[in-house]
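The values are calculated or read from the model by the stated rules, or taken from the named source; none is laboratory data. Owing to the predicted nature of the structure, the values given are computational and were not obtained by experimental measurement. In this analysis, Cβ positions are derived from the backbone assuming ideal geometry, glycine residues included, and neighbour counts consider all displayed protein chains. Accessible surface areas use protein heavy atoms only, side chains included; no ligands, DNA or RNA. Shrake-Rupley method; radii C 1.70, N 1.55, O 1.52, S 1.80 Å.
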Amino acid sequence: MGTRMAKPALDAGIVSADAAPLLAFYRGVFGFTPLEPLRVPGTGVVHKLACGQSVLRVMVPETPPEPDAAKSWSARAGIRYLTLEVEDIAAAVAAVRAHGGRVELEPFELRPGRFVSMVFDPEGNMIEIGQG
């Protein structure tokens, strides 16, 4: 074993040229709580949203990032999607649409009692939404 985690959570980061639509989306759809942004000298600004003990970071670099040229969310290796568990998947999917996201796959029953949906945030980041 390498080491123990100091916090029972996983933080993730998104790089964006404009944090505002993403911050509004994750607050409005999933109820994430905004935290104080952090300016990193010579790098940019990291906006933070709390989700329990986890933090979603939205980094806006001083030099705008290049758009992702991949043809689909699964066309490139690396961390490509988040999975978020919700209490009401139908309400979450409706909120995705209301907050500038796009539904790729409507909610369906993956196995008895387990429902999932695949959606995109306003910048095209894939999110698997699960319930049950």
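Looking across the range 112-123, the residues that are within 30 Å of residue 19 (Cα to Cα) and either touching a Pro at 6+ places or on another chain (Cβ under 9 Å) or open to solvent by 80 Å² or more (accessible area, probe 1.4 Å) (or both) come down to 115, 116, 117, 121, 122, 123. Taking the numbered list (1) in contact with a strand residue (DSSP E or B) (Cβ under 9 Å, 6 or more places away or on another chain); (2) open to solvent by less than 80 Å² (accessible area, probe 1.4 Å); (3) closer than 25 Å to residue 5 by Cα in turn, residue 132 passes all entries but (3).
Taken over the range 7-20, the criterion of being within 12 Å of residue 60 (Cα to Cα) and either over 10 Å from the mean Cα position of the chain (by Cα) or not aliphatic (A, V, I, L, M) (or both) is satisfied by 13, 15, 16, 17, 18, 19, 20.
Would you mention how many residues in the range 22-47 are within 19 Å of residue 120 (Cα to Cα) and of a type outside the set (A, V, I, L, M, F, W, C)? Quick ask: steps written out before the conclusion?
Going residue by residue through the range 22-47, those that are within 19 Å of residue 120 (Cα to Cα) are 22-32.
Still in the running and of a type outside the set (A, V, I, L, M, F, W, C): 26-28, 31.
So the count comes out to 4.
Could you please give the count of residues in the range 83-111 that are part of a loop (DSSP other than H, G, I, E, B) and either open to solvent by 90 Å² or more (accessible area, probe 1.4 Å) or within 19 Å of residue 122 (Cβ to Cβ) (or both)?
Just the residues of the range 83-111 that are part of a loop (DSSP other than H, G, I, E, B), to begin with: 86-88, 99-101.
With either open to solvent by 90 Å² or more (accessible area, probe 1.4 Å) or within 19 Å of residue 122 (Cβ to Cβ) (or both) added as a condition, the list becomes 86-87, 99-101.
Of the residues in the range 83-111, 5 are part of a loop (DSSP other than H, G, I, E, B) and either open to solvent by 90 Å² or more (accessible area, probe 1.4 Å) or within 19 Å of residue 122 (Cβ to Cβ) (or both).
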